[in-house]
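The values are calculated or read from the model by the stated rules, or taken from the named source; none is laboratory data. Treat the numbers as computed from the prediction; the structure is a model and nothing was measured. Positions of Cβ are backbone-derived with ideal geometry, glycine not excepted, and every protein chain shown enters the neighbour counts. Just so you know, the surface numbers come from the protein's heavy atoms only, side chains and all, with ligands and any DNA or RNA stripped out. Shrake-Rupley method; radii C 1.70, N 1.55, O 1.52, S 1.80 Å.
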Amino acid sequence: MTPEPAPSLRQLLAFYLDAGVDCALNDEPVNRLLDEEIVAPVQTEPREAPAREERRRAPSPAPRPGATPPSPEAAIVSAREAAATAPTLDALRALMEQFDGCALRATATRLVFADGNPQARLMLVGEAPGRDEDIEGRPFVGRSGKLLDLMLAAIGLDRSKVYIANVIPWRPPGNRTPTPQEIQICLPFIQRQVELVNPDIVMTLGNPATQTLLQTREGIMKSRGRWTDYNTGTRTIRAIATFHPAYLLRSPAYKRMTWMDLRAVAQALEALPARTAN
């Protein structure tokens, strides 16, 4: 029996991309079939990274030697306590930059905090950053971001008139679905973010963000286009769900429903009384 020829490098890379492996966690591959203990290579001289790479990659504090990661329960409690102490969005961002209770922080390039206008009356909330967002440090860039910009433009808005964030602020490796534990750990941060922005309307994009933030078990097909209340603890905010732009790229037939949801938001914004200056 003739053995199959070994795959070429191009074929291997195509296979990894199809499997969702599009980033490396180490500089060198690790053969985990070896019996001997794997020891990280030691560099005798520090390597100077190019300036462009330093701009792309935000510095992350190295883990403390001998420190064990907190349990999920302890991480959730720590996140709640940290989020509650943040008096401003800048303070919240600084706390999240230093938060070590979520393992996603160790594999992501940088924190993807938010984009847009913190004084906006409309806040959009998605699920988690993707590869492009992880590189740029802003939510909703790339193809889905361009579609979101077109969606906003259709009702006379742009990023200077809305505030955009995600439930998960760090990219999951390979764009995998965040685990329930990761969602619960990050949930206090997005809840505090909504409270600090204090918008008049919250629009969740996609099923995960809707179920997490609006605390519903219904799927996006049932929950989209329906107004509900989001309680921050100090104020009740009107909330509505619609499809995620990435889903619309795969299923353009649902753009019509999304347009109806956007029109509902536009009408609600027009009906709001003008804000008085403080």
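At-a-glance table
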| quantity | calculated |
| --- | --- |
| Cα coordinate range in the range 131-235, projected on the principal axes (Å, largest first) | 35, 33, 29 |
| Neighbourhood net charge (14 Å Cβ-Cβ; Lys/Arg +1, Asp/Glu -1) for residue 103 | +1 |
| Two-decimal Rg/Rh across the range 115-180, once Rg and the Kirkwood Rh are taken from alpha-carbon atoms | 0.98 |
| Probe 1.4 Å, accessible area per residue of the range 116-179, Å² | 38 Å² |
| Environment charge at residue 117 (Cβ cut-off 15 Å; Lys +1, Arg +1, Asp -1, Glu -1) | 0 |
| Other-chain or far-sequence residues with amide H under 5 Å of residue 237's (modelled H) | 230, 231, 232 |
| Karplus-derived 3J(HN,Hα), 6.51/-1.76/1.60, for each residue of the range 246-254, Hz, glycine and proline x | 5, 5, 5, 5, 7, 10, x, 4, 8 |
| Interatomic Cα distance distribution for the range 187-278, bins of 10 angstrom, percent | 15, 46, 32, 7, 0 |
| Amide hydrogen neighbours beyond the local backbone of residue 243, cut-off 5 Å, H modeled | 206 |
| FRET E, pair residue 85, residue 158, Förster distance 35 Å, beta-carbon r, rounded to 0.05 | 0.60 |
| Residues listed by number, the range 139-159, amide nitrogen under 18 Å from residue 251 label point at 7 Å toward C-beta | 144, 148 |
| FRET E, pair residue 100, residue 275, Förster distance 51 Å, beta-carbon r, rounded to 0.05 | 0.85 |
